[in-house]
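Just below is one structure, and these are the notes that go with it.
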Ligand code: NDP
């Protein structure tokens with residue numbers, strides 16, 4: 001049983017060597033009388049929030065740090081090989097939190113979601129049909145209260161969450177602009193996801209001026225994924241009653257001290273609203289996400305781009321790549337395909 005073991009707490013940018021892969025054995029049977037399920041793990045999701053769990057610092061976090069010497073964990077898709085739990089049987093497919101290992105004995109399967117729809121790629125349950133999908137759904141529809149024709153800006157727009165928010169906004173009839181870190185990602189936004197405009201923030205020394213150019217009348221909705229300088233530039237370009245969904249601030253996650261925000265006072269003048277949210281608080285709405293998104297996927301009205309690496313050994317490199325923008329779409333690690 002190969003496992004990705006967390007070495008020690010991290011400061012600054014995480015490195016591949018902060019984790020290592022070990023090999024061991026596991027009994028492929030649930031112990032007699034136990035409520036556990038035995039999982040064969042198929043797809044692992046790489047999520048920026050996993051960085052927070054690599055710090056020893058836990059204050060203000062809703063989930064604990066990884067424990068040095070034990071496997072890291074995150075969202076993923078798995079198959080039930082054996083079950084002592086009445087709600088699960090051999091062959092069931094599930095998504096939820098799983099350890100980064102080939103096989104897991106999961107003592108609390110109640111927290112897992114059963115997968116009912118398998119006519120779409122199973123890996124989608126790490127992305128569009130899983131936690132990032134819920135993030136885009138809750139952040140856009142619930143937090144931003146979007147209306148047709150509004151001006152929407154999305155940062156980290158080609159990633160797991162951003163690509164979906166952009167497509168939701170286009171389907172609603174909004175004007176949509178995204179930022180990303182390379183020319184290839186900018187092309188993807190415009191050509192594959194139908195964004196009206198997109199720009200490479202690494203090539204723009206004056207972000208406030210770029211936003212002014214794309215939003216001469218101001219931004220109605222900002223889906224915030226990066227924080228830092230981009231947030232400050234948005235604060236200078238808000239339309240009255242602008243809504244900012246504070247989803248993530250990845251530009252700050254590896255800094256010892258977070259950058260200050262300079263233009264916050266504009267929130268008053270523009271009568272704007274900034275609201276943070278956490279996807280798991282909306283998981284009870286997962287059926288609504290499926291109801292909305294599955295038909296769009298089947299009809300080809302929404303596409304979802306994944307960056308898939310093969311083998312559990314590729315996990316550490318794929319995970320740390322998120323913080324260098326190496327992923328092209330949703331980063332997924334395949335442990336096994338069935
Ligand atoms: P992505 O798939 O977008 O991957 C992360 C991307 O962030 C990278 O590809 C890179 O894209 C960009 N990035 C990395 N470092 C920086 C930086 N210093 N400045 C600007 N951009 C950077 O990740 P997700 O879609 O999964 O997550 C997007 C955001 O949403 C994150 O902030 C994450 O923490 C947050 N999130 C919040 C949730 C919640 O419940 N609130 C749930 C899920 C995610 P590029 O090359 O374009 O720079």
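The values are calculated or read from the model by the stated rules, or taken from the named source; none is laboratory data. Because the structure is predicted, anything quoted here is derived from the model rather than measured. For neighbour counting, all protein chains shown are included, and Cβ atoms are generated from backbone atoms with ideal geometry for every residue, glycine included.
Brief remarks on what is shown
- Filtering segment 140-166 to residues that are buried (at least 24 other Cβ atoms within 10 Å of the Cβ), more than 7 Å from the ligand (Cβ to nearest atom) and not in a loop (DSSP other than H, G, I, E, B) leaves 140, 152, 153, 154, 163, 164, 165, 166.
- Those strands (runs of 3 or more DSSP E) lying entirely in segment 31-133 with at least 2 residues in contact with a helix residue (DSSP H, G or I) (Cβ under 6 Å, 6 or more places away or on another chain): 37-45, 73-83, 93-99
- Exactly one residue out of 264, 289, 236 is touching a helix residue (DSSP H, G or I) at 6+ places or on another chain (Cβ under 8 Å) and closer than 29 Å to residue 12 by Cα, and it is 264.
- Which listed residue is modelled with pLDDT of 95 or more, out of contact with any strand residue (DSSP E or B) (no Cβ under 8 Å at 6 or more places or on another chain) and not assigned by TED's automatic domain parsing to the domain that holds residue 243, from 264, 290: 290
- Boolean, residue 249 is under 15 Å from residue 151 (Cβ atoms) and either within 11 Å of the ligand (Cβ to nearest atom) or crowded, with 18+ Cβ neighbours inside 10 Å (or both): no
- Selection from segment 291-330 of residues that are within 18 Å of the chain's Cα centre (by Cα), farther than 30 Å from residue 17 by Cβ and surrounded by 18 or more Cβ atoms within 10 Å (Cβ to Cβ): 293, 302, 304
- Test: residue in segment 174-185 that is farther than 24 Å from residue 300 by Cα, in contact with a strand residue (DSSP E or B) (Cβ under 7 Å, 6 or more places away or on another chain), touching a residue at least 40 places away in the same chain (Cβ under 8 Å) and more than 9 Å from the ligand (Cβ to nearest atom): no
- Residue in segment 33-48 that is closer than 30 Å to residue 91 by Cα and surrounded by fewer than 13 Cβ atoms within 10 Å (Cβ to Cβ) present: yes
- Residue identified as within 16 Å of the ligand (Cβ to nearest atom), closer than 27 Å to residue 55 by Cβ and touching a residue at least 12 places away in the same chain (Cβ under 8 Å) among 305, 293, 261: 261
- Inside segment 89-108, residues that are surrounded by fewer than 22 Cβ atoms within 10 Å (Cβ to Cβ), more than 16 Å from the ligand (Cβ to nearest atom) and closer than 21 Å to residue 284 by Cβ make up a count of 3.
- Checklist (1) more than 15 Å from the ligand (Cβ to nearest atom); (2) surrounded by 12 or more Cβ atoms within 10 Å (Cβ to Cβ); (3) in a helix (DSSP H, G or I) applied to residue 287, failing item: (2)
- The residue that is farthest from the ligand (Cβ to nearest atom), among those in segment 325-337 that are outside any loop (DSSP other than H, G, I, E, B) and either free of Cβ contacts under 8 Å to residues at least 24 places away in the same chain or more than 13 Å from residue 159 (Cβ to Cβ) (or both), is 334.
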